[in-house]
Amino acid sequence: MRLDKGETLAIVGESGCGKTVVGWSILRLIEPTSGEILFKGLNIMNLRGKRYGELKRKMQIIFQNADSSLDPRMSVRNLITEPFRANRIFFNGDTIRELMEKVDLNEELLERYPHELSGGQRQRIGVARAIALKPELIVADEPASSLDFSVQAQILYLLKKIQRDYGVSYLFISHNLNIVRMMADRIAVMNMGKIVEMGRTEDIFERSAHPYTQALLSAIPAIGSDRRKRIILKGEMPSQSEIPKGCRFHTRCPLKKRICETTIPTTTEISSGHCVSCHLVCDTG
C-alpha cells in the first residue's frame, strides 16, 4: 500500500480481516514480524531511540472508543496537553485554546473529566490529542462507529476540516462503506490479511472486479436504482491459524475455479491505479 501526503486511504473488510492490525503495526503499537514500513523513505522498523521518537510524533492515532482510550482520572486540560508533556514540548494557554477551538469544544470543559462529557465530546478530545503535535499521518481506527448517526456526521466533517487545514494524511479504517465513500480518496479491500483490490473510491464503487469486494458492496443498504443484487457468502471466514491454500477467499467465493484452490493469484492492474488479485481477472485480462 502507498499513502500520499494529504490523502485518505481507507482499509475495508469484515471484522477480523486485519484492518486494525495494519494501522497498529504502522504505529508500532504491535511489532510486525516481517515486511517493511516506510515513512518518507525511512524504514521505521529499523529506527530506535531518539530517531524513532522524533518520527513517532509525526504519526498519531484516533481510537474507535474514546471511553477506553481516555484516562478517566485526567481532566480535559491534562488529556489534551499530555502529548506536549510526554514529548517535552512547550505549550501555553494559547496552545490549549487553539486546540479546543480546532475541535469545536468550549474552554469551559477544560476542568471536566471524561465521564462528564458526551460521547461526541470525548471523541473530539481524542481528535485534539491526535492533532496536538501537528502529525503528518493519522490512523483513524473506526473513529465514528461508536457514535450516534448525527454525531458521526459532525466528527467526520471535523476530520475533513482538519485535513484541509493541516494537510494531514489519513489511514481510515472502517467497515461502514457509506462513510468510506464520503471520506476516502482511495480504498484498499482486505480479506484475511491480504489486499484483494485497491483503487480510487470511484473505481471500487462503480467498477469493482473482485468477488469479495462485490459482496461487500452488495450489503450496503440502498433504495431504488442504487440497490445492488445481494451476494450472500456461504460459510464462515476461515481461521487465521488455518489459512486456505491458493486464494484465501476461495472457500466462500461463489465464482471460484479449480485454480483458486491451489494457486495464489497475482496482482493485476486493470486500469490506472486499480489493482485486483483474482484469477478471474488474470485469466480474462
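The values are calculated or read from the model by the stated rules, or taken from the named source; none is laboratory data. Predicted, not measured: the structure shown is a model, and the values here were computed from it. Virtual Cβ from ideal backbone geometry, glycine too; neighbours counted across all protein chains shown.
Pairs needed: first member in the range 21-41, within 17 Å of residue 61 (Cα to Cα) and in contact (Cβ under 8 Å) with a residue 24 or more places away in the chain; second member anywhere, part of a loop (DSSP other than H, G, I, E, B) and not acidic (Asp, Glu); C-beta distance under 7 Å; at least 6 residues apart or different chains. Correct list of pairs: 21/30; 24/30; 26/37. Within the range 225-236, is even one residue touching a residue at least 12 places away in the same chain (Cβ under 8 Å), buried (at least 19 other Cβ atoms within 10 Å of the Cβ) and outside the structural domain of residue 167 (by TED's automatic domain parsing)? Checking the range 225-236: not a single residue is touching a residue at least 12 places away in the same chain (Cβ under 8 Å), buried (at least 19 other Cβ atoms within 10 Å of the Cβ) and outside the structural domain of residue 167 (by TED's automatic domain parsing). Within the range 139-150, not a single residue is assigned to a helix (DSSP H, G or I), modelled with pLDDT of 95 or more and among the polar types (S, T, N, Q). Exactly one residue out of 94, 104 is charged (D, E, K, R), closer than 23 Å to residue 161 by Cα and free of Cβ contacts under 8 Å to residues at least 24 places away in the same chain, and it is 94. Which residue is surrounded by the fewest Cβ atoms within 10 Å (Cβ to Cβ), if the candidates are limited to the range 158-183 and must be modelled with pLDDT of 95 or more and among the aromatic types (Phe, Trp, Tyr)? Among those that are modelled with pLDDT of 95 or more and among the aromatic types (Phe, Trp, Tyr), it is 170.
Matching residues to (1) under 19 Å from the mean Cα position of the chain (by Cα); (2) surrounded by fewer than 21 Cβ atoms within 10 Å (Cβ to Cβ); (3) closer than 25 Å to residue 131 by Cα:
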position: 185; (1), (2), (3): yes, yes, yes
position: 191; (1), (2), (3): yes, no, no
position: 200; (1), (2), (3): yes, yes, no
position: 213; (1), (2), (3): yes, no, no
position: 216; (1), (2), (3): yes, no, no
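Apart from one condition, residue 67 fits all of (1) within 23 Å of residue 150 (Cα to Cα); (2) not assigned by TED's automatic domain parsing to the domain that holds residue 136; the exception is (2). Taken over the range 75-103, the criterion of being surrounded by fewer than 15 Cβ atoms within 10 Å (Cβ to Cβ) and outside any helix (DSSP H, G or I) is satisfied by 87, 88, 89, 90, 92. From the list 238, 254, pick out the single residue that is closer than 16 Å to residue 15 by Cα and more than 21 Å from the chain's Cα centre (by Cα). So the residue among 238, 254 that is closer than 16 Å to residue 15 by Cα and more than 21 Å from the chain's Cα centre (by Cα) is 238. Looking only at the range 151-186, residues that are part of a loop (DSSP other than H, G, I, E, B) and on the phi < 0 side of the Ramachandran plot come to 6 in all.
Residues in the range 257-277 that are buried (at least 18 other Cβ atoms within 10 Å of the Cβ) and either in contact with a Ser or Thr (Cβ under 8 Å, 6 or more places away or on another chain) or part of a loop (DSSP other than H, G, I, E, B) (or both): 265, 275, 276, 277.
Within the range 192-241, the set of residues being within 19 Å of residue 280 (Cα to Cα), touching a strand residue (DSSP E or B) at 6+ places or on another chain (Cβ under 9 Å) and not in a helix (DSSP H, G or I) comprises 194, 195, 196, 197, 198, 199, 207, 208, 209, 210.
Within the range 2-13, the set of residues being in a loop (DSSP other than H, G, I, E, B) and either at pLDDT below 90 or in contact with a Ser or Thr (Cβ under 9 Å, 6 or more places away or on another chain) (or both) comprises 3, 4, 5, 6, 7. Scan the range 4-20 for residues that are at negative phi and crowded, with 18+ Cβ neighbours inside 10 Å and the total you get is 8.
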